[in-house]
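Below you'll find the structure, written out as structure tokens, and then a few comments.
The values are calculated or read from the model by the stated rules, or taken from the named source; none is laboratory data. None of these values were measured; they are calculated from a predicted model. All Cβ positions, even for glycine, are placed from backbone atoms using ideal geometry, and neighbour counts span all protein chains on display.
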Amino acid sequence: MTHRTTSTFRRPVPVAVATGVLGLLALGICAAVAFTWIDDLPKQVAVHWGPEGADRFASPTSAILGPLALGAVLTLGFAVMTALVGQSSSTRRISGGLTVGMPVFMGVLTVSTIWAQQAVGEPSTSDISQLAMGAVGAGLLTGVLVAVALPGDEARPATAEVAADAPRLTLPDDTRAVWVQHAQGGPGLTVGLVAAASIIVLAILTDLWFMLLLALVLGLALVAMMAWVVRVDASGLHVRSVAGFPRTHVPADEVERAGVVEVAPMREFGGWGWRVGRGGRVGVVVRNGEGLLVERSGGRSIVVTVDDAATGAALLNTMSDRARGTR
Amino acid sequence: MLFTLNPGTDEALFEQLAAQVRRAAVRGELTPGDRLPSARDAAAALDVNVHTVLRAYQELRDEGVVDLRRGRGAVVVAVPPPSDPALDAAIADVVRASRRLGISGPTTVALLEEALR
């Protein structure tokens with residue numbers, strides 16, 4: 001039992017360290033590659049591009065080290081985030097993916113723009129949107145690969161009974177039950193739609209076609225983030241986006257207590273959708289008000305904004321009692 | 001929507017499910033536009049065949065309670081008027097009378113169905 005508790009709280013740290021090292025390594029490699037061209041570069045190289053092409057220039061050394069130093073700061077920031085709130089594997093996947101994917105994006109972008117300029121031998125004023133797309137692709141791919149490769153949560157049945165004062169549903173032992181609710185819409189959807197529309201307008205005005213892709217990605221993410229199916233049955237709690245992903249499952253035997261809470265997504269999670277709050281609490285929050293809070297073994301917890309949460313909480317506690325009984 | 005299933009009773013499984021939707025609708029727990037659990041989810045969670053759930057939903061569709069659409073699942077369309085105190089009292093009378101006479105539940109229901117025809 002002691003082993004379980006320690007592994008629970010130390011779990012995020014090795015992931016934070018490993019991904020942090022990988023991220024910094026990626027930046028180091030990019031710096032080494034870029035510096036092999038240092039003698040072939042003009043005295044001033046482009047470091048910033050606007051709609052009209054390159055609009056800011058710097059010396060090659062600071063053009064290489066500047067963005068990579070910023071990348072290192074971001075990498076460390078994401079690694080610290082993993083260590084602090086990465087109790088749930090879903091959170092570790094997101095922050096771990098960012099810890100490696102973000103520096104890969106910045107490193108590849110730096111290396112490719114420097115490469116483009118050593119090839120022509122003068123400050124490049126050419127369009128870099130293809131290089132930017134390549135860097136975004138490399139960063140995304142790496143981030144996703146890291147997220148997939150990171151270990152998930154191993155089964156960790158709660159050591160104690162379900163809290164005695166938690167609500168229960170009166171249910172004969174042989175009766176099967178399922179509770180399903182849909183949670184969707186909310187202010188996040190409105191904000192997201194306005195943002196997507198703005199990006200489309202901006203893309204047309206600035207003629208940067210790859211921004212349309214951004215609007216599309218944002219639109220898809222909105223669908224995935226703002227419409228959820230919440231289900232409680234004998235196997236525990238299932239929260240699934242209507243898009244099929246993301247999804248999560250809290251096994252009944254890991255539930256310590258389920259209850260109803262008032263949720264203020266903006267204040268508690270800084271926004272709507274799939275969020276991570278203080279103490280690594282996972283929030284699937286689309287609106288203010290009633291929510292189902294599930295406290296899980298290992299100091300983990302998840303809150304979902306959903307109507308009729310009282311029924312869901314009572315059924316989950318009852319099913320968790322049953323799961324203890326058959327253990 | 002909460003579904004419970006008691007495999008130990010004589011009432012058919014699909015009928016148990018349909019009855020719960022009707023009851024929830026009468027009590028105002030379901031309102032038009034509410035979506036019922038997907039047949040696949042409900043069937044897996046209740047450990048029954050998916051056709052059992054679909055049969056319940058088809059029954060409800062035939063009664064005009066839900067609309068079945070591919071991809072959207074079962075959506076509540078019409079909710080019967082809320083229960084009436086006079087009707088509740090009459091039902092209580094029927095229950096009391098059938099208990100006093102020792103008539104079983106299914107027989108009482110059969111008599112009611114006969115009368116409703």
Those residues of segment A:276-297 that are assigned to a helix (DSSP H, G or I) and touching an Asp or Glu at 6+ places or on another chain (Cβ under 8 Å) come to a total of 2
Being more than 10 Å from chain A (Cβ to nearest Cβ) and free of Cβ contacts under 8 Å to residues at least 40 places away in the same chain narrows B:Ala78, B:Ala43, B:Ala39 down to just B:Ala39
Within segment B:1-13, restricting to residues that are in contact with a strand residue (DSSP E or B) (Cβ under 9 Å, 6 or more places away or on another chain) and either in contact (Cβ under 8 Å) with a residue 12 or more places away in the chain or crowded, with 18+ Cβ neighbours inside 10 Å (or both), the one that is farthest from the other protein chains (Cβ to nearest Cβ) is B:Leu13
Are any of the residues in segment A:187-202 crowded, with 16+ Cβ neighbours inside 10 Å, in contact (Cβ under 8 Å) with a residue 60 or more places away in the chain and over 19 Å from the mean Cα position of the chain (by Cα)? no
Does segment B:82-99 include one or more residues that are surrounded by 14 or more Cβ atoms within 10 Å (Cβ to Cβ) and assigned to a loop (DSSP other than H, G, I, E, B)? no
Restricting attention to segment A:256-267, the residues that are surrounded by 18 or more Cβ atoms within 10 Å (Cβ to Cβ) and part of a helix (DSSP H, G or I) number exactly 1
Conditions (1) assigned to a helix (DSSP H, G or I); (2) surrounded by 17 or more Cβ atoms within 10 Å (Cβ to Cβ); (3) modelled with pLDDT under 95 -> A:Pro14 fails only (2)
Of the listed residues (A:Asp207, A:Asp233, A:Asp165, A:Asp173), the one being within 11 Å of chain B (Cβ to nearest Cβ) and loosely packed, with under 15 Cβ neighbours inside 10 Å is A:Asp173
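Listed here are the residues, each with its yes/no results for (1) within 19 Å of the chain's Cα centre (by Cα); (2) modelled with pLDDT of 95 or more; (3) part of a helix (DSSP H, G or I).
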position: A:Phe9; (1), (2), (3): no, no, yes
position: A:Leu22; (1), (2), (3): yes, yes, yes
position: A:Ala63; (1), (2), (3): no, no, yes
position: A:Pro67; (1), (2), (3): no, no, yes
position: A:Val73; (1), (2), (3): yes, yes, yes
position: A:Leu84; (1), (2), (3): yes, no, yes
position: A:Ser95; (1), (2), (3): yes, no, yes
Within segment A:241-255, residues surrounded by fewer than 18 Cβ atoms within 10 Å (Cβ to Cβ) and either within 14 Å of chain B (Cβ to nearest Cβ) or in contact with a Pro (Cβ under 6 Å, 6 or more places away or on another chain) (or both) come out as A:Val242, A:Ala243, A:Gly244, A:Arg247, A:His249
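Identify, please: which residue in segment B:14-31 is of a type in the set (D, E, K, R) and not in a helix (DSSP H, G or I) and is, among those, farthest from the other protein chains (Cβ to nearest Cβ)? Spell out the reasoning first.
Quick first cut of segment B:14-31, residues of a type in the set (D, E, K, R) only: B:15, B:22-23, B:27, B:29.
Applying the additional criterion that residues be not in a helix (DSSP H, G or I) yields B:27, B:29.
Numbers: B:Arg27: 12, B:Glu29: 8 Å.
For segment B:14-31, the residue satisfying everything is B:Arg27.
Let's see how each residue does on (1) away from chain B (no Cβ under 14 Å); (2) surrounded by fewer than 23 Cβ atoms within 10 Å (Cβ to Cβ):
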{"position": "A:Val284", "(1), (2)": "yes, no"}
{"position": "A:Arg287", "(1), (2)": "yes, yes"}
{"position": "A:Gly291", "(1), (2)": "yes, no"}
{"position": "A:Val294", "(1), (2)": "yes, no"}
{"position": "A:Val303", "(1), (2)": "yes, no"}
{"position": "A:Gly312", "(1), (2)": "no, no"}
{"position": "A:Asn317", "(1), (2)": "no, no"}
{"position": "A:Arg322", "(1), (2)": "no, yes"}
{"position": "A:Gly325", "(1), (2)": "yes, yes"}
